[in-house]
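The values are calculated or read from the model by the stated rules, or taken from the named source; none is laboratory data. Bear in mind the structure is a predicted one, so any value in this text is a computation, not a measurement. Every residue, glycine among them, receives a Cβ derived from its backbone with ideal geometry; neighbour counts consider all protein chains shown.
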Amino acid sequence: MKNVYVEHHVDPVVVLTNSRVTEVLLAKQERLVMACGGKGLCATCHCYITQGQDKLSVMTPRERQALQMLADRRPNSRLACQAKVVGEGVKVELPQGRFIDSSGDLEQLIGRRATENILHPIDGAILIEAGKLITRTRVRELNQVDVDVAEMRTMSLTIDSQPKRWMPRM
Ligand code: FES
């Protein structure tokens, strides 16, 4: 068993050795969209390891490649669905903002200002900045997100052990 800490939470999460970091975040009821279903193809489980980077499993080529595509990556970035806890002392922080996995996620927010950055589910880019008005026009413009996610999910069904990275059209 290993203790893992999440920023802004006092108590650690106790997980089995080799558990994925996603289990830790879910235990703390953090929002996890997991748009690719945990295949290492998206940004929605991106996290920063603020302590104990060497207490996680070694990064695979796929994870390394996926992280290179993220807009807000840092040297301590990991994908929670790919990183396994192998030692004590890991501390995890999530990027600021809210991931969507379809433009429809924003329908109910039309006419309001974004209370936090709205993030692209595949590359983590900011789609709507915090404080900006969410308009119907802007939500319509984000239809490409739906196409990107559909293509990425199709790819996730056929993914094998080869490192691949699907790229959203910009
Ligand atoms: S859930 Fe998509 S990379 Fe982890």
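Tabulated data
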| quantity | calculated |
| --- | --- |
| Thr115 vs. criteria surrounded by fewer than 12 Cβ atoms within 10 Å (Cβ to Cβ) and either in the same structural domain as Leu32 (by TED's automatic domain parsing) or in contact with a strand residue (DSSP E or B) (Cβ under 9 Å, 6 or more places away or on another chain) (or both) | yes |
| Test: residue in segment 40-50 that is within 19 Å of Arg153 (Cβ to Cβ) and of a type in the set (Ser, Thr, Tyr) | yes |
| Top-ranked residue of segment 45-68 - restricted to ones that are touching an Asp or Glu at 6+ places or on another chain (Cβ under 8 Å) and not hydrophobic (A, V, I, L, M, F, W, C), ranked as nearest to the ligand (Cβ to nearest atom) | His46 |
| Segment 46-60, subset part of a loop (DSSP other than H, G, I, E, B) and modelled with pLDDT of 95 or more, residue surrounded by the fewest Cβ atoms within 10 Å (Cβ to Cβ) | Val58 |
| Among the candidates Gly87, Gly104, residue that is farther than 14 Å from Asn3 by Cα and exposed (fewer than 15 other Cβ atoms within 10 Å of the Cβ) | Gly104 |
| Residue tally, condition closer than 21 Å to Val149 by Cα and within 12 Å of the ligand (Cβ to nearest atom), over segment 25-44 | 13 |
